[in-house]
Amino acid sequence: MDESRALRRAAWAGAASVVLLVIGVALGALVGVDAPGVSDAAILARLDDGARQAAAGIGLPVVGAGVALLLWFAVGLRRVLDRLSGGDPLAHAIVPAAALFGGLMITGVSLDVSSAITALSDAFTPDADIARVLGTAGGLVALTGLTGGAVLVAVTTRIAQQAHALPKWAVWVSYAVVVLCLSGYWSAGMASVAFGLWLIGAVIGMLRAARRTPPAPAATG
C-alpha cells in the first residue's frame, strides 16, 4: 500500500472515531448519572429501565471501537508530523497521548454505566448513592482524559507552527483548545466539543497531506 492511501485511510479512521465516540458517550449517558443532584427515584428508574440498560451495553463497545480508530488516526498523524518536522522527537508523543485519552475515556464510561450493567443481575440491588459516586467518578476520569487530548493538540500545533504549515489564527485557536482540554471538568463540556472539532480539522489536514504525497513507484520486474 502506498503512503498516500495509508494516510487517507488513517484520516477517515479519525473521522469515524469522532462519530463513534459521540454515539458511544450519548448511549452511556442515557443510563449514567452525570448530575449528583438527581433524585433517588429518577436514578433508580434509569437503572431499572431495560432499554437504557441495553443502550449502555451497546455504548461501551462503541466507545472502544472509537478509541481503536483514534489510535489508527494517531499513527497516521505521527507519520505526517515526522515528515513535516524532519523527524522531531516531539512527534513521538502523539500515539501515547491518544492512548491516554482513549484509555481514560473507556474507564470513565465504564464507571458511569457500571451500576446499570450490574443491575441486569438479580444478585445486585441498585443503590442511588452508589450510582451517584460511580457516575461522578466516571465523569471526572473521562474528562481527565482530555489531558491526552491537550498533548495531542499541543504537539501537532507546535510542529505545524514551526513548519509554517498553519495560519496564525489556526495556531492560536489550537492553543485555546489546549487550554480548554486542560481545564477539563471546569469547562462545562466545552472542552470535549472543542477537541472533537479540532479532530475534524486534523482529519481534513491529513486528507490534504495525503493528496500532496506522491504515489508509490510502480513495481518493476
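Is it true that some residue in the range 75-89 is closer than 21 Å to residue 125 by Cβ and surrounded by fewer than 20 Cβ atoms within 10 Å (Cβ to Cβ)?
Going through the range 75-89, the residues closer than 21 Å to residue 125 by Cβ turn out to be none.
Checking the range 75-89: not a single residue is closer than 21 Å to residue 125 by Cβ and surrounded by fewer than 20 Cβ atoms within 10 Å (Cβ to Cβ).
What's the number of the only condition in (1) open to solvent by less than 70 Å² (accessible area, probe 1.4 Å); (2) of a type in the set (Gly, Ala, Ser); (3) farther than 19 Å from residue 16 by Cβ that residue 66 fails to meet?
Tallying (1) open to solvent by less than 70 Å² (accessible area, probe 1.4 Å); (2) of a type in the set (Gly, Ala, Ser); (3) farther than 19 Å from residue 16 by Cβ, residue 66 fails exactly one: (3).
I need the helices (runs of 4 or more DSSP H) fully contained in the range 105-194, keeping only those with at least 2 residues that are more than 27 Å from residue 73 (Cα to Cα) and either in contact with a Phe, Trp or Tyr (Cβ under 6 Å, 6 or more places away or on another chain) or open to solvent by less than 10 Å² (accessible area, probe 1.4 Å) (or both).
On the way: elements: 128-144, 146-162, 168-183.
Because the criterion is at least 2 residues that are more than 27 Å from residue 73 (Cα to Cα) and either in contact with a Phe, Trp or Tyr (Cβ under 6 Å, 6 or more places away or on another chain) or open to solvent by less than 10 Å² (accessible area, probe 1.4 Å) (or both), the helices (runs of 4 or more DSSP H) in the range 105-194 that meet it are 128-144.
Residues in the range 46-58: is at least one in a helix (DSSP H, G or I), under 19 Å from the mean Cα position of the chain (by Cα) and of a type in the set (A, V, I, L, M, F, W, C)?
yes
The values are calculated or read from the model by the stated rules, or taken from the named source; none is laboratory data. These figures come from a predicted structure and were not determined experimentally. Every residue, glycine among them, receives a Cβ derived from its backbone with ideal geometry; neighbour counts consider all protein chains shown. The accessibility values were calculated without ligands, DNA or RNA, using every heavy atom of the protein model including side chains. Shrake-Rupley method; radii C 1.70, N 1.55, O 1.52, S 1.80 Å.
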